[in-house]
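Only one structure is covered here, and it is reproduced in the block below.
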Amino acid sequence: MSYYVTTPIYYVNDAPHIGHGYTTVIGDILTRWHRQRGEDVWYLTGTDEHGLKVLRKAEQNGVTPQEWTDRLVETEWKPLLETLDIANDDFIRTSEARHEAGSQAFWQDLYDRGEVYKGEFTGWYSVGSEEFVAEDDVVDGEGDDEGHKVSALDGSRVEHLTEENYFFPLSAYADRLLELYESNPDFIQPESARNEVVSFVRRGLKDLSISRSTFDWGIKVPWDHSHVMYVWIEALLNYVTAAGYGVDDERFGELWPADVHLVGKDIARFHAVIWPAMLMAAGRPVPHRVFAHGWLLVGGQKMSKSKANGIRPDELVDVFGSDAYRYYFARALTFGADGSISWEDMRARYHAELANGFGNLASRVAAMIGKYFDGALPAAGPQGPAEEAVVALVEESVLEADRAIDRIAPQDALAQVWRIVEALNGYLTEQAPWQVAKTAAAGGDAGPGAAEAAQGRLATILVTAAEGLRVLAVLLNPVMPKASASLWESLGAEPALGALADQRISAAAAWGRLPEGSVITKVPSLFPRIEDAE
């Protein structure tokens with residue numbers, strides 16, 4: 001069994017923005033954390049390349065759809081993974097042969113089961129969201145959309161069309177879906193998304209058109225090559241085709257069902273209604289959980305290309321670095337709710353929390369061990385109440401951070417980690433090792449035995465701080481891999497940070513694993529100040 005996590009496959013009509021980066025980073029943090037526990041992990045992302053929207057975009061640019069998607073995948077979407085330090089295990093493209101083969105096998109099976117019928121579709125279709133829209137959800141557009149009909153679901157323009165299509169009897173699965181939501185409340189999260197999905201299904205489901213016959217950019221329906229599959233009913237299949245469906249049954253059995261589908265809330269209905277219904281019809285298990293995150297708001301508006309507020313991830317990474325980017329989106333936003341972001345907030349958090357809080361802590365401790373103990377970790381003396389308080393807080397925070405990851409609350413996990421950062425900074429301020437060092441350096445002038453006691457006390461304080469930093473390197477490794485590796489190296493910790501994946505994170509972060517004599521070196525600032533990040 002693997003811990004199998006997916007992002008949505010991203011639509012390649014344009015370049016990625018930070019909304020795409022948000023989902024991908026959170027998935028990466030989850031899978032890195034589970035991998036560091038020693039679990040068998042599989043992390044999937046990829047691109048959705050079919051449909052009318054891609055076809056029209058390619059035509060506008062004077063190229064074929066395949067040329068258009070090839071160009072964007074290689075120049076924009078795959079480089080995004082490198083920019084954000086994403087450790088994905090697979091990248092699926094819906095134009096790949098394995099996806100075509102698996103998709104055709106899946107729908108041929110449903111056709112053979114009697115789960116497909118032929119009919120005529122007359123109604124509204126949103127090219128922007130590649131979605132059939134019910135009459136009740138179509139309204140008159142306003143502003144830039146005046147004179148057009150738009151979808152009340154997401155504001156996209158709709159077109160009226162009539163064509164002969166194949167249909168999937170989605171309406172027949174309403175009761176089974178409601179039973180799924182009732183028996184497994186965690187299937188669709190957070191609660192707000194669950195409530196919307198339940199309400200949507202209770203309104204009544206209509207059968208779903210699963211093919212298009214007016215254009216040919218897509219996967220051909222296996223029993224009728226004059227039709228191509230409706231983009232959503234083959235795009236959703238990426239989660240199983242990447243896992244080996246229709247190609248490698250043994251691998252599919254090991255990976256499926258997925259543990260978590262991470263999606264934006266605007267596509268939660270596809271993943272929590274259409275997708276499980278398809279799987280039920282095929283006699284396959286449904287995923288364990290669909291988790292829908294909120295919108296990123298820039299200037300109070302949902303981010304989109306049409307509003308010219310679609311910020312590219314590399315614009316932020318070029319200034320703050322990938323670690324700070326990953327930290328900001330995991331820490332500043334509540335995963336599952338809408339969240340406002342701004343350049344000013346990112347800059348403020350960078351300096352307050354990373355440069356001054358975490359980075360300065362690491363720098364101070366390394367500098368003092370270098371100054372007072374020639375860079376070799378001394379033997380600690382007995383713990384006093386101050387040290388016992390630090391250890392107790394660390395143990396509690398490690399446990400709570402681990403639990404937060406299990407409920408997909410990275411913001412809560414980082415809040416627990418930052419309790420440790422703040423506790424260590426407070427501990428150093430209260431214990432004032434620089435003052436203790438003066439007593440130790442005074443020798444006999446400090447009184448009989450005072451200098452020796454002070455030297456022992458100094459060692460205890462700095463060992464406590466260094467061990468706290470070692471724990472932080474373990475906990476922050478899934479979030480900020482570059483800074484964590486640098487800190488780990490500066491502490492002389494063994495084995496290599498990536499080699500810890502043979503135990504639960506609670507064991508790797510257990511207190512007292514940094515041995516006496518470890519060579520502590522001062523490395524360049526983990527998070528140097530950025531003077532012009534305006």
Would you please give the residues with an amide H less than 5 Å from that of His227, counting only those at least 5 places away or on a separate chain, with H modeled from the backbone geometry?
-> Val221
Taking segment 249-298 on its own, what percent of its Cα-Cα pair distances exceed 11 Å?
-> 70
Principal axis dimensions, segment 310-356 - Cα atoms, whole angstrom, descending = 27, 23, 17
Per residue of segment 515-521, in order, report the coupling 6.51 cos²θ - 1.76 cosθ + 1.60 (Karplus, θ = phi - 60°) as ³J(HN,Hα) in whole Hz, putting x for Gly and Pro.
-> x, 4, x, 4, 7, 9, 10
Take the alpha carbon gyration tensor of segment 209-342, find the square roots of its eigenvalues, order them as a ≥ b ≥ c, and report rounded if a/c is under 1.5; if not, report prolate when a/b exceeds b/c, else oblate.
-> prolate
For an R0 of 45 angstrom, estimate the FRET efficiency from the Cβ-Cβ distance between Arg419 and Tyr117 and round to the nearest 0.05.
-> 0.20
Please work out the FRET efficiency for the pair Asn356 and Arg71, using the Cβ-Cβ distance as r and a Förster radius of 30 Å; give the result to the nearest 0.05.
-> 0.10
Within the chain, percent of DSSP bridges classed antiparallel, to nearest 5 | 55
Taking Cα atoms of the chain, Rg/Rh with Kirkwood Rh, to two decimals?
-> 1.06
When only C-alpha pairs under 8 Å and at least 6 residues apart count, what is the relative contact order of segment 356-495, in percent?
-> 28
How big is D, in µm² s⁻¹, for segment 387-448 by Stokes-Einstein at 37 °C and 0.692 mPa s if Rh is the Kirkwood radius over C-alpha pairs?
-> 240
Could you please state, rounded to a whole Å, how far the C-alpha centre of segment 100-154 is from the C-alpha centre of segment 333-370?
-> 44
Decide, for segment 141-214, between rounded, prolate and oblate: order the square roots of the alpha carbon gyration tensor eigenvalues as a ≥ b ≥ c, take rounded if a/c falls under 1.5, and otherwise choose prolate if a/b is larger than b/c, else oblate.
-> oblate
For the chain, what is the mean residue ellipticity at 222 nm derived from helices alone (per DSSP H run of n ≥ 4: -39500 (n - 2.57); sum divided by total residues; nearest 500 deg cm²/dmol)?
-> -13500 deg cm²/dmol
If we count every other residue with Cβ under 12 angstrom of Glu254's Cβ, Lys/Arg +1 and Asp/Glu -1, where does the sum land?
-> -3
How do 458-468, 253-263, 73-83 rank on mean C-beta neighbours within 10 Å, highest first?
-> 458-468, 253-263, 73-83
Could you tally the net charge around Thr429, taking each other residue with its Cβ under 12 Å from the Cβ of Thr429, Lys/Arg +1 and Asp/Glu -1?
-> -1
Full-extension gain in nm, Trp434 to Val247, via 0.36 nm per residue minus C-alpha separation | 60.8 nm
What is the gain in length, in nm to one decimal, between Ala389 and Leu178 on full extension, counting 0.36 nm per residue of separation less the C-alpha to C-alpha distance?
-> 71.1 nm
Taking a ≥ b ≥ c as the square roots of the eigenvalues of the Cα gyration tensor, with a/c under 1.5 meaning rounded and otherwise prolate when a/b exceeds b/c and oblate if not, segment 56-174 is oblate
Net charge (Lys, Arg +1; Asp, Glu -1) of residues whose beta-carbon lies under 13 Å from that of Asp136, Asp136 excluded, is +1
Between Asp207 and Glu82, take the C-beta separation as r, use R0 = 51 Å, and let me know the FRET efficiency to the nearest 0.05.
-> 0.75
With each pseudo-label sitting 7 Å past Cα toward Cβ, what's the Glu163-Asn195 distance in nm, one decimal?
-> 3.8
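Only the coordinates and a few stated rules stand behind these numbers; no lab work does. Given the structure is predicted, the values throughout are model-derived calculations rather than measurements. Backbone-built Cβ (ideal geometry, glycine too); neighbour counts: all protein chains shown.
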